[in-house]
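These notes are about the structure you will find just below.
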Amino acid sequence: MTREKLSRVADVATATKMLAINAAIEAAHAGPEGAGFGVVAKEIASVADEVRDLSAQLNDQMAPLVAALSDLGGVLVMQVRGTRLSDLALHVVELIDRNLYERSCDVRWWATDAAVVEACSDPSSQSCTHASQRLGVILASYTVYLDLWVADAQGKVIAHGRPQRYPGVLGRDVSRERWFEQAMATRDGTEFAVVDVTVNPALAGATVATYSTAIRENGDEHGRAVGALGIFFDFAPQAHAIVTGVHLSEEERARTRVMLVDHDHVVLASSDNQGLLRERVDVTRADDTRAGVYRRPDGTMVGFSITPGYETYEGLGWYGVVMQTPPPLDDPHPAGTAR
C-alpha cells in the first residue's frame, strides 16, 4: 500500500509538470499579456519536479522497509497457522487418550466381576454360561465394544459376550496372542495390558484396540492369576468421529486432513479414510519431535503433537496430525487471518 501511494504521488507530480508545460506554451502564445501567467507556470513546473524527486527518494528509502515488513507479516501468519494446527493435533490425541483411559479402567473393573472370576476358578458349563450372560449385559450398556473374552489360565476362551454374532470365538486358543500373554504377566490387579490397533479376524475383521488384564483368584487384587479378560474396543468408528469432529470452517475442511498415527507413525485413523494401517506420516521434521509444525515443499503445513497421556493412562506414543494445504491465492481472508 505504501509503494502504491508513493507511485500515485509521482504520477500526480508528472501530470502537474505536463500541465505547467502546456500552460507555459499557452502563455507564450498570448504574448506580453501572458507573461505573468508564464512565470506562475514555470514555478508550478519547478514544484512538480521537487515533488517527483522527493517521491523517488522516499520510495528508495521505504522499499527495503516495506519488503521487510511484508516478509515479517508472512512469517507471523505462518506461525499463527502452524500453532493452531499443532494445537488441533494435540486436541485430537487428547480426545482419544481420554477415551482409551476409560477402557483401561473398564478392563480392571470387569476382571473382578464375580461371574467372571467364578468361570475361571471353576470352569463348569454353568459358570461359563453365567459369565457369558454377564458379559452380554455389560455389552448392552457399553456399545463401544465389539466383544469381551474370558480365557482360562491355559489360554482357552471359555466365555464371551456375543456368541451369536461371533460363533467361532468360544473354545479359541489365544495362549500365543499378545493380549493374553501380557495380561497373564501383570503383577497385580492394578495393572493392565494394551495392544496397538490391529485387525482381528475372529471379530469379522474389525479394527480393534485390545485391553486386557489377569483375572485373579477370589477377585483379589493380589490373588493368583486364574485367567485373563480381553476387551475389544471398536476403534474405527470411535476414532473416525474424533478426526472428523475437529472444528474447521467449510473452506478449511476441504483442504485439511486430520489423523491419528501410532508410535511408528502409521495412520490409525484419518478424516479422509485413506491409508489406514498402511501409510506412514513423517512427524520428525521439526526441531521438537514431540509437538510442532513444518512446511512441505508443496506448501502443505503439517502440525503434530504426541500424546500427553491422561490420568493414569500414559498413552502409547500416538500422535495427532493435521495437514493443511495452502488457501487459494485469490482468497482475501485465508484461514487464520482476521476477517
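Summary of computed values
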item: Long-range neighbours under 6 Å by Cβ, at least six apart or interchain, first residue over 12 Å from ARG290 (Cβ atoms) within the stretch 307-321, second surrounded by fewer than 14 Cβ atoms within 10 Å (Cβ to Cβ) and of a type in the set (Phe, Trp, Tyr); result: none
item: Residues that are in a loop (DSSP other than H, G, I, E, B) and either surrounded by 17 or more Cβ atoms within 10 Å (Cβ to Cβ) or in contact (Cβ under 8 Å) with a residue 60 or more places away in the chain (or both), drawn from the stretch 144-158; result: VAL144, ALA153, GLY155
item: Identity of the residue in the stretch 65-99, modelled with pLDDT under 90 and of a type in the set (Lys, Arg), that ends up surrounded by the fewest Cβ atoms within 10 Å (Cβ to Cβ); result: ARG84
item: Among the residues listed as ARG176, ARG134, the single one being modelled with pLDDT of 95 or more and surrounded by fewer than 20 Cβ atoms within 10 Å (Cβ to Cβ); result: ARG176
item: Residues (touching a strand residue (DSSP E or B) at 6+ places or on another chain (Cβ under 9 Å) and not hydrophobic (A, V, I, L, M, F, W, C)) located in the stretch 200-217; result: ASN200, GLY205, THR207, THR210, TYR211, SER212, THR213, ARG216, GLU217
item: Single condition SER141 does not satisfy, out of (1) among the polar types (S, T, N, Q); (2) surrounded by fewer than 19 Cβ atoms within 10 Å (Cβ to Cβ); (3) touching a Gly at 6+ places or on another chain (Cβ under 9 Å); (4) closer than 30 Å to LEU260 by Cβ; result: (3)
item: Count of the stretch 249-279 residues which are free of Cβ contacts under 8 Å to residues at least 40 places away in the same chain, among the aliphatic types (A, V, I, L, M) and over 19 Å from GLY315 (Cβ atoms); result: 1
item: Matching strands (runs of 3 or more DSSP E) fully within the stretch 159-241 where at least 3 residues are within 30 Å of the chain's Cα centre (by Cα) and within 19 Å of THR143 (Cβ to Cβ); result: 206-216, 225-234
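The values are calculated or read from the model by the stated rules, or taken from the named source; none is laboratory data. Everything quoted here is computed from the prediction, not taken from an experiment. In this analysis, Cβ positions are derived from the backbone assuming ideal geometry, glycine residues included, and neighbour counts consider all displayed protein chains.
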